[in-house]
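To start, the structure itself, in structure tokens.
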């Protein structure tokens with residue numbers, strides 16, 4: 001059993017999913033750790049997500065809410081959630097219920113030997129356009145950065161807090177998770193991949209494939225490339 005773990009769950013308009021995700025986290029945490037916290041980042045939801053989480057927080061001291069008055073995007077939600085985490089290991093996932101969170105047991109055996117233990121989806125259950133976007137995005141990560149990760153944006157990651165805290169991530173877009181892993185590799189940190197299952201979204205809608213999200217992520221990607229090239233030439 002672990003001494004402690006923080007669960008970080010960003011959520012945007014996940015009123016129909018967030019209760020079951022939190023309860024899954026709680027059930028798992030009580031089995032694997034002596035101390036735990038579940039941090040939900042409500043990123044400016046316009047539905048009842050905040051209300052549902054606040055009700056749970058009032059009943060359970062291990063559940064914490066980080067609230068954004070306005071939707072600020074996945075980078076801010078992830079950054080603020082990770083910053084709020086207090087414990088030595090951090091597990092990061094989405095609030096959409098598309099993962100079986102009990103599969104964290106697949107990651108735990110590697111937690112001592114690796115800085116980051118990351119899942120990859122063996123059969124991604126998303127619409128075809130999202131799968132195509134993800135395929136191309138991962139290819140770009142391999143071509144430009146030689147990133148040894150097959151599913152960069154998989155929201156199923158176990159991280160050492162001390163390793164995470166030593167990295168400075170500048171991206172304010174969906175490129176955030178990619179930059180995190182790129183900087184980890186460039187800093188000599190270790191990453192291990194584990195296959196996890198992925199399930200269709202039952203409720204709500206994803207905003208990750210909007211043109212605005214994609215454009216901002218590509219902008220940050222090419223800005224990162226430009227800065228890296230400039231630094232290499234100095």
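The values are calculated or read from the model by the stated rules, or taken from the named source; none is laboratory data. Note that this is a predicted model, so its numbers are computed, not measured. Cβ atoms come from the backbone with ideal geometry, glycine included; neighbour counts cover every protein chain shown.
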Quiz item: Can you name the condition, by its number, that residue 180 falls short on among (1) closer than 19 Å to residue 214 by Cβ; (2) crowded, with 20+ Cβ neighbours inside 10 Å; (3) touching a residue at least 60 places away in the same chain (Cβ under 8 Å)?
Solution: (3)
Quiz item: Does residue 112 satisfy being in contact with a helix residue (DSSP H, G or I) (Cβ under 6 Å, 6 or more places away or on another chain) and either at pLDDT below 95 or not in a helix (DSSP H, G or I) (or both)?
Solution: no
Self-check item: Checking residue 199 against (1) in contact with a helix residue (DSSP H, G or I) (Cβ under 7 Å, 6 or more places away or on another chain); (2) surrounded by fewer than 18 Cβ atoms within 10 Å (Cβ to Cβ); (3) in a loop (DSSP other than H, G, I, E, B); (4) at pLDDT 85 or above, the condition it does not meet
Solution: (1)
Quiz item: Say we look at the stretch 138-157 and pick out the residues that are under 20 Å from the mean Cα position of the chain (by Cα) and free of Cβ contacts under 8 Å to residues at least 24 places away in the same chain; which of these is surrounded by the fewest Cβ atoms within 10 Å (Cβ to Cβ)?
Solution: 139
Quiz item: Out of all the residues in the stretch 44-59, is one or more surrounded by 17 or more Cβ atoms within 10 Å (Cβ to Cβ) and within 15 Å of the chain's Cα centre (by Cα)?
Solution: no
Practice problem: Among the residues of the stretch 27-43, write down those that are crowded, with 17+ Cβ neighbours inside 10 Å, in a helix (DSSP H, G or I) and without any contact (Cβ under 8 Å) to a residue 60 or more places away in the chain. | Solution: 29
Practice problem: Name the single residue, out of those in the stretch 87-107 being out of contact with any strand residue (DSSP E or B) (no Cβ under 7 Å at 6 or more places or on another chain) and not in a loop (DSSP other than H, G, I, E, B), that is farthest from residue 190 (Cα to Cα). | Solution: 102
